[in-house]
Amino acid sequence: MSLAPVLQSLPAVSHSTPLGRAVDYLRISVTDRCNERCLYCLPEHFQKWTPREEILSYEEILAVVEVAVARGFKHFRVTGGEPLIRKDIVPFIAALIRASGVETVQITTNGTQLPLLAGPLRNVGLNRLNISLDALDAGRYSEITRGSLGPVLAGIRMAKSLGFESIKLNTVLIRHKNEDQIWPLVEFAASLQIPIRFIELMPVSLSEMLTEENFLPVSEVMSLLSARDTLEPLEPKLGHGPAKYFRLRKTGAIVGFIGALTDLHFCEACNKVRLTADGKLRPCLGNHGEFDLKPALRPSLNREALRAAFDQGLAEKPPEHVFRNNWQPQRIMTAIGG
Ligand code: SAM
């Protein structure tokens, strides 16, 4: 079953949306490897990892960060794959936090390594974590991620107790798989006073996942939550991205909605570009264009060439994604950086 009927019912999006926003946020994929296999992200037996020698070294990543800072970038997120399974990630995060001009550093993680690494990361000054959590029921969690829930919950609680300034939970919505987990997740997030964001399924790794049967729009989640509580728009808004936040009056939960497919103004607030694990600048997740920075990094760093390649990628950031346009992914999300 395809998603076409759902998407065709949406009004057409103008392709002349002006950029009109500051792009100051770089998402860095430090590895395409992952220790989980989320249904919507990595095929269960996937093993076609990028060869290690193709992956940027930490030094090469920091050279790109230096150029980004010179171009006005302030915010950096380290992701993957699972960033916390890459060797020596803690000293790299320490170096990134210390890098001149870097204002915020965040990590997006599946949380499995947090029982081991939350302390060391906090000790080197990391303040911000986004943790993926698609279900609170252990069986359901395994069904979606093929991983185990226990360490993730322990990691979330540990991060909370260590006093990270910002922790957010991310839940990808899949109809029939985690619809019934939404309210328990909201209550869990409220009990820890952590915001939770619900993300619409995107066809980023596996286009066959985005079907009418699997797709659960954020509007339905808003209706579901409104039946139990009152949603009040959160002011001032949280974060720098396109998520829309509300406070639930009774539970006190802070809930964000990332309507990547159904919010027709979604891309207007997009302030980011991505650095892929193998050294490509990717201005938009939902457009195939990539700009190879590696020739400017190897065999030795050529700053001028790096600046030129970075600038070209930035200049060619498209006004919006084309996911609604029968999008066919060319490579998996973990290599691009989620
Ligand atoms: N391993 C880390 C994690 O699990 O958070 C970081 C990488 S993961 C690719 C980053 C984010 O992308 C997660 O929040 C994940 O749920 C989201 N993601 C992956 N595939 C997606 C898809 N098809 N649609 C929407 N979000 C997706």
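A compact globular protein would have a Cα radius of gyration near 2.2 N^0.38 Å; the ratio found for the chain is 0.95.
If you count Lys pairs in the chain whose Cα atoms are under 16 Å apart, skipping same-chain pairs closer than 8 places in sequence, the total is 8. Size of region 175-314 from its Cα atoms: along the principal axes, largest to smallest, the extents are 58, 36, 26 Å.
For W183, the solvent-accessible surface with a 1.4 Å probe is about 30 Å², rounded to the nearest 10. As a ratio to 2.2 N^0.38 Å, the alpha-carbon radius of gyration for region 168-223 is 1.17. The alpha-carbon positions of region 22-101 define a convex hull whose volume is 101 Å³ per residue.
Basic side chains Lys and Arg get +1 at the Cβ, acidic Asp and Glu get -1 at the Cβ, and with that the dipole of region 195-338 about its Cα centre reaches some 540 debye. Of all DSSP beta bridges confined to the chain, the antiparallel ones make up roughly 25%.
GNM remark for the chain: springs join alpha carbons under 10 Å apart, and the peak mean-square fluctuation among K87, K74, K160 falls on K87.
Taking N as the number of residues in region 90-244, what is its alpha-carbon radius of gyration divided by 2.2 N^0.38 Å? Relative to the rule-of-thumb radius for its length, region 90-244 sits at 1.10.
Provide S142, S205 ordered by accessible surface of protein heavy atoms (probe 1.4 Å), highest first.
Working: S142 45, S205 15 Å².
If we order S142, S205 from most to least accessible, we get S142, S205.
Per-residue extension of 0.36 nm, minus the Cα-Cα distance of A308 and N35, leaves a gain of 94.7 nm for this segment.
The values are calculated or read from the model by the stated rules, or taken from the named source; none is laboratory data. All values reported here derive from a predicted model rather than from experimental measurement. Heads up, the Cβs are rebuilt from the backbone with ideal geometry, glycines too, and the neighbour counts pull from every protein chain shown. We work out accessible area using only protein heavy atoms, side chains counted, and drop any ligands, DNA or RNA first. Shrake-Rupley method; radii C 1.70, N 1.55, O 1.52, S 1.80 Å.
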